[in-house]
Amino acid sequence: MDVDRTLVRVVQTCHGFPSQWNAWTVSGRYLYLRYRHGEGSVEWHRGSDDADDTPETWNAGLSGLLVEWDDGTGGGDIDFEHFLAAAGLALAPDAVVA
């Protein structure tokens with residue numbers, strides 16, 4: 001599945017170990033961004049409040065893993081700009097980041 005990688009809204013949900021964010025793309029898809037122990041990941045889902053959007057639905061093609069990486073540092077926090085670069089994501093010019 002081709003998932004849009006341009007973010008229009010981002011909310012940081014954890015500032016430390018781990019660093020994590022909820023994000024929405026230009027096309028309205030919800031992404032869960034996480035970085036812990038030097039490992040980053042981006043999961044895509046139908047929506048952040050879909051009650052039936054669980055790991056079990058991933059096999060049905062309704063959610064999945066967009067990208068993951070290990071930077072070898074074992075770190076627990078990362079600034080958002082570095083996360084975007086490592087994940088291959090971009091902010092839209094009018095994006096709201098909170």
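With neighbour counts taken as other beta-carbon atoms within 10 Å, the residues Asp71, Asp79 rank, fewest first, as Asp79, Asp71.
Got a sec? How would His82, His15 order by Cβ neighbour count within 10 Å, fewest to most? Walk me through the numbers on the way to the answer.
On the way: His82 13, His15 10.
By the 10 Å Cβ count, ascending, the order reads His15, His82.
Electrostatic bookkeeping for Glu39 treats Lys and Arg as +1 and Asp and Glu as -1; over the other residues with beta carbon under 15 Å from its beta carbon, the sum is -3.
Throughout, read-outs are computed from the coordinates displayed, never taken from laboratory work. As the structure is a prediction and not an experimental result, all values here were calculated from the model. Note that we place each Cβ from the backbone using ideal geometry, even for glycine, and neighbour counts take in every protein chain shown.
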